[in-house]
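**Student:** Sharing a structure here in structure tokens format.
The values are calculated or read from the model by the stated rules, or taken from the named source; none is laboratory data. Remember, predicted model here, so these are calculated numbers, not experimental data. As a convention, Cβ positions derive from the backbone with ideal geometry for all residues, glycine included, and neighbour counts pool all protein chains shown.
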């Protein structure tokens, strides 16, 4: 995440156990799953080192001396899927951030989708994509389809920010935080969960919306600059970062601590 740090805390039983046995219990943190700067390269600087392919050219980036991907209908950044991108395995959700410049083009329903985290086809198929102006003019949008009773019987969500001013010829930063806020102790990724979808524009929150949904697992690769023929994007994109929320760091526990954790009643949650 570029602008926002999310704090995590473990439940009270872990804290009490730590006090009683002198255990070193470490809070959960956000784990970077992918980080593509676009600064003259399609390399991934995250620990997963999952390089993208890019068939376009680089243009001036958001900071002096940097470069960015120039994407459009004929030039996309394609990121292969790896197991770490199965977002349902991260019980507290995920965040996606990037910097974007429309290079003088207008934000519209047909020129809006900046990043797709997998789109299995037009219509009702599994997808997660992030855009501005697709479903609501002058709004950031998180569009997600997730499984129903058949591939063509899906649940469709268009989750929108508050109205915002979207410049067409300057760099802006967008961040989407999709945070699981269900209070349940046990996590079932196949069941609907309540997510708090938060939108940030240049570090300022511009909307928050609670929605019950299931995060889908599309088979398609990630795509920057194109989702479907309806939803391309023509402009420059840089500093794309995908993070998992609530990944616990290793903890050092005493013998009693191992027994307490064996109860399996606690997981760290976002706050």
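**Student:** Quick check on my filter: what residues within region 68-82 are in a strand (DSSP E or B) and surrounded by fewer than 19 Cβ atoms within 10 Å (Cβ to Cβ)?
**Tutor:** Listed by number, the residues that qualify are 72, 75, 78.
**Student:** While we're looking at this one, here's another question. Given the options 218, 229, name the one that is at pLDDT below 95 and either crowded, with 19+ Cβ neighbours inside 10 Å or over 18 Å from residue 134 (Cβ atoms) (or both).
**Tutor:** Being at pLDDT below 95 and either crowded, with 19+ Cβ neighbours inside 10 Å or over 18 Å from residue 134 (Cβ atoms) (or both) holds for just one of 218, 229, which is 218.
**Student:** Determine whether residue 182 is part of a strand (DSSP E or B) and at pLDDT below 95.
**Tutor:** In short, no.
**Student:** Still on this structure, I have one more. Looking for whichever is touching a strand residue (DSSP E or B) at 6+ places or on another chain (Cβ under 6 Å) and crowded, with 22+ Cβ neighbours inside 10 Å here; the options are 103, 117. Which one fits?
**Tutor:** The unique qualifying residue is 117.
**Student:** In contact with a strand residue (DSSP E or B) (Cβ under 9 Å, 6 or more places away or on another chain), surrounded by fewer than 22 Cβ atoms within 10 Å (Cβ to Cβ) and under 29 Å from residue 192 (Cα atoms): is that true of residue 86 in this structure?
**Tutor:** no
**Student:** Would you check which residues across region 83-93 are more than 17 Å from residue 126 (Cβ to Cβ) and assigned to a loop (DSSP other than H, G, I, E, B) and list them?
**Tutor:** Scanning region 83-93 gives 90, 91, 92.
**Student:** Let me ask something else. Checking the structure you have, find out if any residue of region 115-125 is under 13 Å from residue 234 (Cα atoms) and either assigned to a loop (DSSP other than H, G, I, E, B) or modelled with pLDDT of 85 or more (or both).
**Tutor:** There is at least one residue in region 115-125 that is under 13 Å from residue 234 (Cα atoms) and either assigned to a loop (DSSP other than H, G, I, E, B) or modelled with pLDDT of 85 or more (or both).
**Student:** Taking region 122-131, which residues are surrounded by fewer than 24 Cβ atoms within 10 Å (Cβ to Cβ) and in contact with a strand residue (DSSP E or B) (Cβ under 8 Å, 6 or more places away or on another chain)?
**Tutor:** 124, 125, 126, listed by residue number.
**Student:** Hey, residue 134 hits all of (1) part of a strand (DSSP E or B); (2) modelled with pLDDT under 85; (3) crowded, with 20+ Cβ neighbours inside 10 Å but one; which does it fall short on?
**Tutor:** (1)
**Student:** Here's a follow-up. Whether any residue in region 148-165 is part of a strand (DSSP E or B), touching a residue at least 60 places away in the same chain (Cβ under 8 Å) and under 19 Å from the mean Cα position of the chain (by Cα) is what I want to check.
**Tutor:** No - not one qualifying residue is present in region 148-165.
**Student:** If you check every pair at least six apart or on different chains, which have Cβ atoms under 6 Å apart with a residue in region 122-144 that is closer than 15 Å to residue 94 by Cβ first and a residue that is crowded, with 22+ Cβ neighbours inside 10 Å and at pLDDT below 80 second?
**Tutor:** Taking only residues 6 or more apart or on different chains, the pairs are 129/113; 129/227.
**Student:** Next question. Only one of these is at pLDDT 85 or above, crowded, with 19+ Cβ neighbours inside 10 Å and at positive phi: 202, 239. Name it.
**Tutor:** Within the list 202, 239, the selection yields 239.
**Student:** Shifting gears a bit: Would you please list the contacts, defined by Cβ atoms under 9 Å and residues six or more apart or on different chains, that run from a residue in region 207-227 that is without any contact (Cβ under 8 Å) to a residue 60 or more places away in the chain to a residue that is crowded, with 22+ Cβ neighbours inside 10 Å and not in a strand (DSSP E or B)?
**Tutor:** The qualifying pairs are 208/161; 209/161.
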